[in-house]
1. Mind scanning A:K2/B:K152; B:K243/B:K269; B:K175/B:K279; B:K13/B:K243; B:K121/B:K190; B:K13/B:K175 and naming the pairs with a C-alpha gap bigger than 28 Å?
2. Where a ≥ b ≥ c are the square roots of the eigenvalues of the C-alpha gyration tensor, would you call region B:96-181 rounded, which needs a/c under 1.5, or, failing that, prolate if a/b is larger than b/c, or oblate?
3. Across peptide B:18-31, what mean number of C-beta atoms from other chains lies inside 10 Å of a residue's C-beta?
4. When the Kirkwood radius is taken over all Cα pairs of chain B, what Stokes-Einstein diffusion coefficient follows at 37 °C and 0.692 mPa s, in µm²/s?
5. Suppose we keep just the DSSP beta bridges with both residues in the protein assembly as shown; what percent of those would be antiparallel, to 5?
6. So how compact is the protein assembly as shown: Cα radius of gyration and Dmax in angstrom?
7. For chain A, what relative contact order do you get, as a whole percent, if you take Cα pairs closer than 8 Å and at least 6 residues apart?
8. Would you tell me the mean number of C-beta atoms belonging to other protein chains that fall within 10 Å of each C-beta in A:46-59, as a whole number?
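Please treat every number below as a calculation from the coordinates, not as lab data. It should be emphasised that the depicted structure is a prediction, and the values quoted were computed from it without experimental measurement. Using ideal geometry, Cβ is built from the backbone for each residue, glycine included, and neighbour counts are taken over all protein chains shown.
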Amino acid sequence: MKAGVLALQGSFREHREVLDALGVEVIEVRTPQALSGLDVLFLPGGESTTITKLLRTSGLVEPLQRALDEGLPVFGTCAGLIVLADDLRDQHGANAPAVFGVLGCTVLRNGYGTQLDSFEAALRIDGIEGTFPGVFIRAPLIESTGPGVEVLAAHDGAPVLVRQGRVWAATFHPELSGDLRLHQRFLQEVAA
Amino acid sequence: MSDPRSTGTARVKRGLAEMLRGGVIMDVVNSEQARIAEDAGATAVMALERVPADIRRDGGVARMSDPAMIEEIQAAVTIPVMAKCRIGHFAEAQILESLGVDYIDESEVLTPADEAHHVDKWSFTSPFVCGATNLGEALRRISEGACLIRSKGEAGTGNIVEAVRHLRTILGDIKKLTVAEDEELYAWAKELMAPAALVQEIAERGELPVPLFCAGGIATPADASLVMQLGAQAVFVGSGIFKSGEPATRAKAIVEATTHYSDPEIVAKVSRGLGAAMKGQTIEDLDVKLAGRGW
């Protein structure tokens with residue numbers, strides 16, 4: 001198993017640490033060359049506007065789109081979810097163009113508010129025993145999901161972990177939680 | 001009934017700093033500059049009335065910015081907005097928190113309000129960033145509740161030499177702690193004037209418990225690459241962008257150089273044809289050294 005972690009900006013180091021702890025080989029992806037031979041890809045948290053621009057300047061948009069269209073399993077967290085979603089809005093009411101558009105969700109960027117509204121909450125996740133520590137940092141809010149999207153966890157009535165085939169996405173940061181179980185479950189399911 | 005949640009925890013305060021890793025935080029003085037910064041790929045903007053180079057030039061007392069100006073910038077961008085309060089000026093910090101600023105910088109660039117005490121940062125829901133010139137200073141700020149440390153450098157000079165000195169001092173002392181004997185750590189705590197428990201934690205982890213960014217003097221893509229290679233996890237650029245000939249181009253170039261800091265071909269590519277960098281000053285010629293502020 002070879003896992004890529006998009007390493008342009010944001011919490012790529014934390015994803016790497018989780019994968020290292022699970023004994024998975026990790027490649028940090030900053031260039032198109034680093035995409036070859038990956039079994040799965042993680043898109044970290046960070047600033048989605050920055051990551052989107054760096055995807056363009058690094059020549060990664062087209063090769064990554066191709067890989068996703070060909071079925072490369074992907075797990076996006078926070079900003080990673082934003083670049084996967086097919087319908088984006090920001091808090092000023094403006095629509096933003098989708099980046100990869102492979103996840104049928106309407107997403108409001110910073111939908112929970114400013115950093116003052118960032119929070120932790122115990123989540124119940126389908127298939128994970130007990131609760132999972134959810135860390136939400138200036139998190140996006142999933143306003144609605146399209147056909148074929150399963151909601152694996154919700155908080156306050158809004159989906160926070162979704163799956164559409166081999167595309168997984170969370171509005172929170174499992175990579176900051178110190179809990180390996182969600183990464184583990186994703187890897188087990190997409191490898192199966 | 002709504003599901004329970006906890007705000008203002010150390011985890012979410014440090015978490016935002018972790019999200020800013022590998023990025024560039026840019027000083028801006030109005031909404032137009034804020035949009036240029038966001039378009040260039042800044043991960044956050046620092047809203048202030050004058051960039052450090054102008055504070056140096058103008059002299060006088062430098063204070064927190066006008067809330068109307070901060071709100072104008074908050075309305076202009078979707079990336080996090082930071083703002084500065086004076087060292088020890090907890091009333092300015094309270095105002096910034098009430099504005100919903102995403103990070104508060106208790107900054108030596110402004111004129112200190114208290115010559116003995118920093119703000120008790122644990123008592124705020126907003127996270128704080130503080131500057132440090134050495135490991136002891138960094139640990140004192142962390143013990144007061146700072147969730148992000150930036151090496152100070154010498155703001156407003158366009159001269160990287162102090163930033164390099166401070167980064168090397170902080171990271172060099174961390175390395176020494178990791179090889180010190182347990183009993184030596186108490187003497188280290190005394191020398192660093194820092195809590196022994198934090199010193200022991202650093203010795204074990206080999207790094208600060210919060211992210212370490214670099215500020216003060218970054219003016220070129222190569223400067224960004226240099227400090228990232230030395231061990232900074234992100235950069236603050238103050239006067240270096242909007243005091244240069246072509247701010248938008250330079251801002252983009254510094255963003256790319258920060259991401260691809262270890263790839264000299266990319267740093268070379270983005271360094272071409274940037275126009276004039278800010279003029280800059282040598283440290284010996286300065287009337288005021290800002291880095292000495294902070295206790």
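1. Beyond 28 Å between Cα atoms: A:K2/B:K152; B:K175/B:K279; B:K13/B:K243.
2. oblate
3. 5
4. Result for D is 171 µm²/s.
5. Antiparallel bridges make up about 35 percent of those DSSP assigns within the protein assembly as shown.
6. According to the Cα coordinates of the protein assembly as shown, Rg and Dmax are 21.8, 67 Å.
7. Computed over chain A, the figure is 18 percent.
8. 6
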